[in-house]
Amino acid sequence: MSLPRPALDRTAVVTGASSGIGAAIARVLASRGHGVTLVARRADKLDELAQEIRARGVRAEVLAADLSDRTARAELLGRIADLGLIPDILINNAGLSTLGPVAESDPDSEMNMIEVDVVAVADLCTRFLPGMVERRRGALLNVASTAAFQPLPGQAGYGACKAFVLSYTQSLTGELRGTGVTATALCPGPVHTGFGEAAGFAKDDAEKALPSIMWVSAETVAKTAVDDMAKGRMVSIPGPANRIGSIFAQITPRTLLVPMLTRIHPGLKNGASS
């Protein structure tokens, strides 16, 4: 297996590319010669990254879009085609989380999370994959999380969203066999990207809840993800500690795992809520 080769009329579409893992993946793809189409809500942040990538002599496009908006998602493929570009690679990275017990949550925030983390992933896959299959080349990366392997009291909705992304992507690998298109689920553990702070985590609380050995940089996550895409791997888990942890989470009885996770999750301390 390998990624589709770069070409002037081909692009790798990266959602949630304004910071963190998305920006890091865009940089790795650009370093391998792939033109990128950067998608996120804030065009100003995307412009900064696009200028950096263009300085390397690689094509970079900016498309501001709110992926919680179904009309914006429906228009995305056409906007890329209008640029004269063929999307050979799709990175579904955009995502967010709420924090705290569901009984204290804001319904609008919970539904917005599900719209971005689940519905947008399925929506863009159904729109972009037909063209890839028809061309018999393409690569898909859906960003899940090690949370996909376990229940997550304190972030119940987020954990369930990522479980969907993992299962969905694994199923796609079966459906795409023999088409020339690959699908990979990226399952990072904790990463210093500002994602947790946006969800409502205090940085110190997150670091206390998760051992330092599990933390991986966004750059390491991105390199691992692109390497595993190139190898056609179904699941990519950056960092040996997280790979071991994912196995532990899957084999531990839920009657033991759920109480343990409930005790240590920062979202269930000090009355934190989403």
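What the table shows:
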| quantity | calculated |
| --- | --- |
| Computed P(r) (all Cα pairs; region 1-62; 10 Å bins; percent) | 26, 58, 15, 1 |
| Potential lengthening between residue 112 and residue 179 on full extension [0.36 nm per residue; Cα-Cα distance subtracted] | 20.8 nm |
| Heavy-atom accessible area per residue - the chain, 1.4 Å, Å² | 45 Å² |
| Directionally averaged projected area (convex hull, Cα atoms, region 92-158), nm² | 5.0 nm² |
| Estimated inter-spin distance, residue 79 and residue 48, nm [label 7 Å along Cα→Cβ] | 2.0 nm |
| Angle in degrees between helix 156-175 and the longest Cα principal axis of the chain, rounded to the nearest 10 | 40 degrees |
| Label-to-label distance, nm, for residues given as residue 32 and residue 126 (7 Å Cα→Cβ offset) | 2.9 nm |
| The chain: projected area of the alpha-carbon convex hull, averaged over directions, in nm² | 13.8 nm² |
| Relative contact order for the chain, counting Cα pairs under 8 Å that sit 6 or more residues apart, in percent | 21 percent |
| Folded to 0 to 90 degrees: helix 218-230 orientation relative to the chain principal axis, Cα | 60 degrees |
| Nearest-ten-degree value, helix 20-31 long axis tilted from longest Cα axis of the chain | 30 degrees |
| Inter-label distance for residue 104 and residue 136, nm, one decimal - labels placed 7 Å from Cα along Cα-to-Cβ | 5.7 nm |
| Taking all pairs of distinct alpha-carbon atoms in region 32-133, Kirkwood radius in angstrom | 15.1 Å |
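The values are calculated or read from the model by the stated rules, or taken from the named source; none is laboratory data. Quantities reported herein were computed from a predicted structural model and do not represent experimental measurements. Virtual Cβ from ideal backbone geometry, glycine too; neighbours counted across all protein chains shown. When the accessible area is computed, the model is the full protein with side chains, heavy atoms only, and any ligands, DNA or RNA have been set aside. Shrake-Rupley method; radii C 1.70, N 1.55, O 1.52, S 1.80 Å.
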